[in-house]
1. Identify the residues of the range 343-367 with backbone N under 17 Å of a label point that sits 7 angstrom from the Cα of E380 along the Cα-to-Cβ direction, or state none.
2. Roughly speaking, what is the stretch gain from N313 to T593, that is 0.36 nm per residue apart minus the C-alpha to C-alpha distance, in nm to one decimal?
3. Using amide H atoms built in the peptide plane, which far-off residues or other-chain residues are under 5 Å from G630 H to H?
4. Rounded to whole Hz and in sequence order, give me ³J(HN,Hα) for the range 112-117 from the Karplus expression 6.51 cos²θ - 1.76 cosθ + 1.60, θ = phi - 60°, writing x for Gly and Pro.
5. Accessible area per residue, 1.4 Å probe, Å², for the range 480-599: what's the number?
6. At 0.36 nm per residue, minus the direct Cα-Cα distance, what do D557 and Q21 gain on full extension? Give it in nm, one decimal, please.
7. Does the range 455-515 come out rounded, prolate or oblate, given a ≥ b ≥ c as the square roots of the eigenvalues of its C-alpha gyration tensor, rounded meaning a/c under 1.5 and, failing that, prolate meaning a/b above b/c?
8. Show the residues, 5+ positions off or on another chain, whose built amide H is closer than 5 Å to the amide H of G395.
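The values are calculated or read from the model by the stated rules, or taken from the named source; none is laboratory data. Every value quoted in this text rests on a predicted model; they were computed, and no experiment measured them. Cβ sites come from the backbone with ideal geometry, for glycine too, and all protein chains shown count toward neighbours. Each accessible area value is taken on the protein alone, full model and side chains, heavy atoms only, with ligands, DNA and RNA left out. Shrake-Rupley method; radii C 1.70, N 1.55, O 1.52, S 1.80 Å.
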Amino acid sequence: MDAPGDFNMISRRQYFQLDDQPKLDGDRSFRGLKSYPDAGALEEGFLAAATNVRQDEKKVRMRRGIERKAHWTGGKAVLGAGRYANSYDPTPADEIAIAIADEAYLYDPGAGTTTTVPYQSGQTTGAAEFLQAFGSLFIFRGRGISLPFAVNTPSTAVLGKYPLRYDGRPITDGGLLKMPKGSTVLQVHGPRLAQPLPFQLWAQVDLAPIENRDDLFTFDPITGVVTSGQTGHDFETGDLVKFSGTSTIDGIWEVEKIDSNTILLLNVPSPVANEDQAASPRPNCWSESDTLTAADFGVMAGNRMALRADNNNVVFSALMSTNFVGGDLSNNAEMLSFNEGTSDYIVGLFPFQDDDMIVFKRNSIHLAPNLTGLATEPTELTRQMGCVERKTIAGAGGLVFFLSDSGVYAIDVGVKGGAKIGTSAAHLSITDKPISEDIQDQIDLIDWANVGSSRGVWYDNRYWLAIPETGSGGQAKRILIYNSILQSWESVDSIPVGVKEFLLLAYGGRQRLFIMDYEGTRYLVDSVAGADQFGTGASPSTANVAAAVTTRSYDFDDLNQKRWLRGAATYNAIDAGGSNILMTATTVSPDKTLPAISLQTTAVGENLKRFPLRGRGKSIQLNFTNQSSGRWELREVRVEGSTAGRALKHY
């Protein structure tokens, strides 16, 4: 093996005029991925294919694996997840809030603990979108149909559910408690109806806000039988109850239901660390909000909560409050309309700079400026494109990325200078061509029937876009990565789990990216050497990272047939155990794959490997594929050949 950096491959003897002196071509550094253009038309430094790699410091480096941090044995049907930091803690720690149908959890990756936080009695959800605002965390459970609705509405119509609210405070500081349900009759009517509907809707409802409601029960202190109060009780096993005014059982208890008249009071244990998530509940819970409307999702913009009211309208809360202006959402609340009456609908909301917000519809994009005063009419930015999925919207600095029907586009929000002269619309521009132009072949592989499972996030100077492909079961298992430093796409990652959510949390002293899969398992991205961890067993399963790169086509800018002689690669082993790379060369015209070469090392360090090629063709490409769990980086690639046959001439 030659000394690193020695690329004097050409001469062993002197060449004369009648000899075909060999030529050199190659890449001295790497700066991006262009998989869509013809490989022979790529500039030096660009790769024709790159899978599971990072292109830092002008090198191609095999990525680290994803690390399983916490799981449930067998998994759970997760509806949604979001970031949460308890504003009442002296030093808030980032946690992951996770919702399933009948309860929620808070996972602290720093402590490795999971806390169960139950819903208010009787509350469930079939959908969950999180938003932290004004010191509380909210779960939006779906809009359903709006009231008032027509009398002939089908009986199967689903009413929306009011959001659930969690404020993180302990009971002694006014936190929320589970309490019994009450039966009531709800008569559906509204100011837009000439008269109430000619029927009554019977429903089991919670009398929110719970913290302002008292129920008086008298329990036999020995048997636990309800001796006075309402007939029977609606406690369920697992409910948390606070008792006061008694002589012996004041405090917080967990309920075990014996029958409709009898309960057993259990001590509430403290949360414990348990990877299998058998952690006990905190003495607080989610309460149904009495100030927010039912909605699919919401954002914070201009010191207001902004909720998608319906296909064309966004409703806003009062400044610095969860209360909606006027209190009557059907009549007096502050709303903004966006192309109402068109065959279009709101997909996502993205607040940015000062108090402005971009409203993405399915086939158009709009600007809502000056949300503090709600005094400016919305502006349409374009109706030539829209956003296909809200959770692909991500931004940093002056760019906002999103996935459209034609690929990934970016909006330049044109951050205004100190004088802030001009309207926000005057500073916005949308890229003429898709950012994804160079990887259009990857965009074409998207399973568009399940594009709603796509997810996007901005992390580590990169835009990460997880997409579902045909055959992936509708789950996003491939991640397209755009590097803003390189101003180019960098890699197409493949992982063994579907991305349910991307989550950014402070962890280990810096912001890190977590992945939540569809079973509630949490993974830390780019964390462990060599292998991806996955699964819900006691120990994680592992799979070597399938890193691979393919160079551009080398042809000396010449269409003639060449005789390929030899090649060379400079590469490093990163891990102590060494690495193993399989190199294969492929020629074009004729199409032929040459014998594979193993680039193997047993220790950390830089290596130069020369290898024979011995083939003919107009051009040649080199492919490097990982064969082990040891990480490696590729620094430089060169090929040597000579023109064979009669040269083409221009007349």
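1. 343-347, 359-367
2. 94.9 nm
3. Amide H to amide H, under 5 Å and 5 or more residues apart or across chains, G630 pairs with N580.
4. x, 10, 10, 10, 7, 10
5. Heavy-atom SASA per residue in the range 480-599 reads 36 Å².
6. Once the chain is fully extended between D557 and Q21, it gains 191.4 nm.
7. Numbers: a/c = 2.73, a/b = 1.30, b/c = 2.10.
In terms of gyration-tensor shape, oblate.
8. Sorted by chain and number, the residues that satisfy this are F401, W458.
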